[in-house]
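Derivation of every value follows stated rules applied to the coordinates shown; laboratory data play no part. What you are looking at is a predicted structure, and each value in this text was computed from that prediction instead of being measured. Every residue, glycine among them, receives a Cβ derived from its backbone with ideal geometry; neighbour counts consider all protein chains shown.
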Amino acid sequence: MLLQSKSTLDYTVYSKIKEMIIAKQLKPGEAIVQNQLSQTLGVSRTPLRKALGELEKEGLLESSPVGWFVKEFTMKDMVSVFEIRAVLEGLACRLAAGKLEAPDLAYLRAMFQQAYKSFQNKMADAYYKADVKFHNTIVEAAGDPVLARTLNGARIIATSQVQGLYRDPEETFGEHMAIIDALEAQNGDLAETLMRSHIQQAIPLLQSGTYTIYK
């Protein structure tokens, strides 16, 4: 499998293309021109095709008889992704309560405090990166291989974060802190409720189209 060794050229190419999709250097609906992309990345077509195939499995690319295209996510797609995230990450939060140690929680708290300051200084990307790390850390801390495979295999978290942040960090900073507080208190039920609410609040914005992308 492509991702078994993160030291391989295949993984490096895959990571670079994924970053380009997330950063919108490769835009939704855009055709992948393999010769051009191969030259840009300085690699041959073989690792490039492997990476494109992997990204298709993850749902970030779509294939057609004429090649690959960057996936365009509809509002319905994104609502479904956030609904699934709310349930599964809520469960992850409940399972993680009592497993994250004090240094881990202190790190997450400090990470968000610094990221929030960066956001206030017009550097939204720092907050976006903190958000990605926070949610992935919770899933990892849950220690449930089936849950992790479900989220990672379907790329649920990554798909929801491709566009950036849908909600203002002025709102979500306090929610992140409250979730960390619940985890610190080892209150799994509260942590689950807070995480579900945190994620679900993006859904009305998606449905109404009144969101702003923060990244």
Taking the condition of being surrounded by 14 or more Cβ atoms within 10 Å (Cβ to Cβ) and either without any contact (Cβ under 8 Å) to a residue 24 or more places away in the chain or assigned to a helix (DSSP H, G or I) (or both), how many residues in region 22-39 meet it? 5
Of everything in region 73-97, what is more than 16 Å from the chain's Cα centre (by Cα) and either among the aliphatic types (A, V, I, L, M) or surrounded by fewer than 14 Cβ atoms within 10 Å (Cβ to Cβ) (or both)? Give them in sequence order. Thr74, Met75, Lys76, Leu91, Leu95, Ala96, Ala97
Can you go through Val70, Val33, Val43, Val13 and tell me which one is in contact with a Pro (Cβ under 6 Å, 6 or more places away or on another chain) and more than 16 Å from Ala158 (Cα to Cα)? Val13
Please work out which residue is farthest from Leu206 (Cα to Cα), limiting yourself to region 76-115 and to residues that are aromatic (Phe, Trp, Tyr) and out of contact with any His (no Cβ under 9 Å at 6 or more places or on another chain). Tyr107
Quick check: anything in region 167-188 more than 12 Å from the chain's Cα centre (by Cα), charged (D, E, K, R), in a loop (DSSP other than H, G, I, E, B) and within 30 Å of Lys27 (Cα to Cα)? yes
Of all the helices (runs of 4 or more DSSP H) wholly in region 90-165, which have at least 2 residues that are within 25 Å of Met78 (Cβ to Cβ) and of a type in the set (D, E, K, R)? 124-142
